[in-house]
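Undergrad: This is the structure, below, for whatever I ask next.
The values are calculated or read from the model by the stated rules, or taken from the named source; none is laboratory data. If you're wondering where the values come from, they're calculated on a predicted model, not measured in any experiment. Counting neighbours? That spans all protein chains shown, and the Cβs are built from the backbone with ideal geometry, glycine included.
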Amino acid sequence: MTFSTPFYPGAEVALACDDVNFCAIASILRQETGIILPPGNNSLVVSRLIKHLRKLKISSFREYVSWVEDPANELDRAKMISSLTTNTTHFFREEYHFDYLAEHVINDLKRIAGVGGRVRLWSAGCSSGEEVYSLAATLLYHWPEIVLADVRILATDISIDALAAAKEARYSREKLASVPAAIRSLMLQDASPSDDTVTMPDAIRKLVSVRYLNFMEPWPTKGPFHVIMCRNVAIYMDDVVQEHIFTGLFDQLAPEGVLFIGHSERLPSELSKKVVLVDRTTFRRV
Ligand SMILES: C[S@@+](CC[C@H](N)C(=O)[O-])C[C@H]1O[C@@H](n2cnc3c(N)ncnc32)[C@H](O)[C@@H]1O
């Protein structure tokens, strides 16, 4: 695919990403994030990155690759990576995980907090935040006294755009359609009926810390976590990276802690022996 793009008044430049430059970009992505970009996705690369070439006034992918390979242009490399991540998500995605949490986990968390313990949860690969706010709102709905307990939910991602959206915590009203009615009322408590967008109320936001974390770099996390959600992240990685991520998450899980993974993901076989499958793609550490 080629794009005819005016870079400056009067300039028309045809842009294509040939296989050499595609491979260079895919290789940076694999090295820095673990994400595999299968061959043949040249047009996806063009459509996601063209805005950066325009902004930098760079007129070819060959020049762009040299630019992002230069260590001095770290921020532009991060922007490239952010644009190449797939951030698809929605509130209460794979809702059965939130049902399991409400029915089988929240009482355990209350017990821990009840004797003065700290409770920690983690949405790992949180994208624009819908997952972590679904988690926080479920907790708050079933446990209104949570505000008095030592409970924190960590939300991490690699995409700078997704992290900015998660921090802002503002969503179009239509996005809340997938939220169960009772919990939706909680999310809407500060919104007026005429608002097209809804900002998550303070009571929900206060439970959440949004941070950058790349699974391919050292993890600055301090476990143990009682609940970890890492869903629809590892599907984009090869087996070696998947094993690295799931083993790392398992190591941070508290005894009897719960790990939720995506509907089409599976744990490496070594790890399967150390957890019990308690529900659909839901595991408890033994
Ligand atoms: C498809 S979204 C999943 C969002 C959410 N967990 C859900 O299931 O709805 C995958 C997320 O993983 C993030 N991601 C990809 N590679 C990553 C890495 N190496 N470290 C941390 N996050 C990564 C992406 O930026 C993206 O936001």
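Undergrad: List the residue pairs whose Cβ atoms are under 7 Å apart, where the first residue sits in the range 72-91 and is within 15 Å of ALA166 (Cα to Cα), the second is within 8 Å of the ligand (Cβ to nearest atom) and acidic (Asp, Glu), and the two are 6 or more positions apart or on different chains.
TA: Partner pairs satisfying both residue conditions: THR89/GLU130; THR89/GLU131; HIS90/GLU130; PHE91/GLU130.
Undergrad: Of all residues in the range 29-43, which are over 20 Å from the mean Cα position of the chain (by Cα) and within 15 Å of the ligand (Cβ to nearest atom)?
TA: none
Undergrad: Go through the range 110-129 and count every residue that is of a type in the set (A, V, I, L, M) and away from the ligand (no atom under 16 Å from the Cβ).
TA: Here the count works out to 4.
Residues checked against (1) surrounded by fewer than 20 Cβ atoms within 10 Å (Cβ to Cβ); (2) in a helix (DSSP H, G or I); (3) assigned by TED's automatic domain parsing to the domain that holds LEU176:
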site: VAL45; (1), (2), (3): no, yes, no
site: LYS51; (1), (2), (3): yes, yes, no
site: SER59; (1), (2), (3): yes, no, no
site: TYR64; (1), (2), (3): no, yes, no
site: ASN73; (1), (2), (3): yes, yes, no
site: ASP76; (1), (2), (3): yes, yes, no
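Undergrad: Just checking, which of PHE215, PHE225, PHE250, PHE283 is among the aromatic types (Phe, Trp, Tyr) and within 16 Å of the chain's Cα centre (by Cα)?
TA: PHE215
Undergrad: Which one of these is under 19 Å from ALA136 (Cβ atoms) and surrounded by fewer than 18 Cβ atoms within 10 Å (Cβ to Cβ): ARG231, ARG266, ARG211?
TA: Numbers: ARG231 fails: surrounded by fewer than 18 Cβ atoms within 10 Å (Cβ to Cβ); ARG266 fails: under 19 Å from ALA136 (Cβ atoms).
Of the residues listed, the single one that is under 19 Å from ALA136 (Cβ atoms) and surrounded by fewer than 18 Cβ atoms within 10 Å (Cβ to Cβ) is ARG211.
Undergrad: Residue check: is LEU75 more than 16 Å from the ligand (Cβ to nearest atom) and at pLDDT 95 or above?
TA: Spelling it out, LEU75 is indeed more than 16 Å from the ligand (Cβ to nearest atom) and at pLDDT 95 or above.
Undergrad: A follow-up question, please. Identify, from the list LEU249, LEU267, the residue that is out of contact with any helix residue (DSSP H, G or I) (no Cβ under 8 Å at 6 or more places or on another chain) and among the aliphatic types (A, V, I, L, M).
TA: LEU249 is the lone residue from the list that is out of contact with any helix residue (DSSP H, G or I) (no Cβ under 8 Å at 6 or more places or on another chain) and among the aliphatic types (A, V, I, L, M).
Undergrad: Among the residues of the range 22-81, which ones are over 22 Å from GLY125 (Cβ atoms) and basic (Lys, Arg)?
TA: LYS51, ARG54, LYS55, LYS57, ARG62
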